[in-house]
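What follows is a short report on a single structure.
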Amino acid sequence: MAHLRASAFFLGASIALVVIAVTGLLTAVLPFHLRYRYITLWGRFSIWWLGLTCGLRHRVEGAEHIRPEPSVILCKHQSTWETLVLQTIFPPQVWVLKRELMWVPLFGWGLALLRPIAIDRGAGRRAVEQVARQGSERLDSGLSVVIFPEGTRVGPGRRKKWGVSGAVLAAHSGRPVVPVAHNAGYYWARREFVKRPGTIRLIVGEPIQTAGLSPEEINRRAEEWVEARMQEFEAEQRALGWKPHEEQ
């Protein structure tokens, strides 16, 4: 049954992607806010469809920390889920992502219309400079910038060194950093087709005011807050019988 539910989700999300991506090309001539509202319908539909087919829903904690002004959102990356749900929670945003995603037919076309910051992850310092330059432009135009500091999806119970590009952008622009933690990886794991039913917790932290802070200090504060929440999630899951793969 779990595979049937996951298959239904995949089929519905895939059909919606094709429809939104193809018709979304017609929005290229529209102002960005109208284009954004239409193309991100796919994310909103997918989150709704996920709840209907797989029984996987979510709860947002700390919503009072979501402000209308542009900010740098530093979010834990465990799953595909957060790339969808952030569109439904925060004001209009752009994402820092690997440029290879722009080459994916249909999906990449839709992404291109949303003004992402597409980087070469092997470019090192040049990629950081690109994020600071283009990110500042996006922030000045009224858009928040979403960055996954670990650069790739990292499974529950594990962590990866945080990249500095988000902190450099925040220090360069003077914009606040909003840390975000969630436990989606326990329900929609990386490279797993089946989704576990339940309620994902997503916690929005209090914005970190970055004026006068170095990129290193910004990263330290955001990472400490996020990883503290992740440890709380892990303790909850262990109490329910979950074990990391190396303990199984």
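The values are calculated or read from the model by the stated rules, or taken from the named source; none is laboratory data. Just so it is clear, the model here is predicted, and its values are computed rather than measured. With ideal geometry, Cβ positions are generated from the backbone for all residues, glycine too; neighbour counts draw on all protein chains shown. Please note that ligands, DNA and RNA were not included when accessible areas were found on the heavy atoms of the full protein model with its side chains. Shrake-Rupley method; radii C 1.70, N 1.55, O 1.52, S 1.80 Å.
General observations
- All conditions in (1) open to solvent by 20 Å² or more (accessible area, probe 1.4 Å); (2) more than 22 Å from L139 (Cα to Cα); (3) of a type in the set (G, A, S); (4) within 21 Å of the chain's Cα centre (by Cα) hold for A63, with the sole exception of (2).
- For H77, the criteria (1) touching a strand residue (DSSP E or B) at 6+ places or on another chain (Cβ under 6 Å); (2) within 20 Å of I203 (Cβ to Cβ) hold in every case but one, which is (1).
- Residue, surrounded by the fewest Cβ atoms within 10 Å (Cβ to Cβ), within segment 194-248, restricted to residues that are within 18 Å of S79 (Cα to Cα) and β-branched (V, I, T): T199
- Residue pairs meeting the criteria (Cβ under 7 Å; at least 6 apart or on separate chains; first at positive phi, in segment 197-213; second surrounded by 13 or more Cβ atoms within 10 Å (Cβ to Cβ)): G198/L56; G198/Y187
- Note on segment 138-150: residues that are among the charged types (D, E, K, R), part of a helix (DSSP H, G or I) and surrounded by 17 or more Cβ atoms within 10 Å (Cβ to Cβ) amount to 1.
- Search result, residues across segment 108-137 that are touching a residue at least 60 places away in the same chain (Cβ under 8 Å), open to solvent by less than 60 Å² (accessible area, probe 1.4 Å) and not in a loop (DSSP other than H, G, I, E, B): G110, G135
- Residues of segment 88-107 satisfying the condition of being assigned to a strand (DSSP E or B) and buried (at least 18 other Cβ atoms within 10 Å of the Cβ): Q93, V94, W95, V96, L97
- The one condition in (1) assigned to a strand (DSSP E or B); (2) of a type in the set (A, V, I, L, M); (3) out of contact with any Phe, Trp or Tyr (no Cβ under 6 Å at 6 or more places or on another chain); (4) closer than 30 Å to L4 by Cα that I200 fails to fulfil: (3)
- Within segment 179-216, considering residues that are among the acidic types (D, E) and closer than 19 Å to E150 by Cβ, the one modelled with the lowest pLDDT: E192
- Exactly one residue out of R159, R191 is open to solvent by 20 Å² or more (accessible area, probe 1.4 Å), farther than 24 Å from L50 by Cα and assigned to a loop (DSSP other than H, G, I, E, B): that is R159.
- Count of residues meeting criterion [in a loop (DSSP other than H, G, I, E, B) and among the hydroxyl-bearing types (S, T, Y)] in segment 50-79: 2
- If only residues of segment 48-60 that are out of contact with any Pro (no Cβ under 8 Å at 6 or more places or on another chain) and open to solvent by less than 60 Å² (accessible area, probe 1.4 Å) are counted, the one that is farthest from V178 (Cα to Cα) is T53.
- Only residues that are closer than 26 Å to R138 by Cβ, open to solvent by 70 Å² or more (accessible area, probe 1.4 Å), in contact (Cβ under 8 Å) with a residue 24 or more places away in the chain and basic (K, R) were counted in segment 5-47, giving 1.
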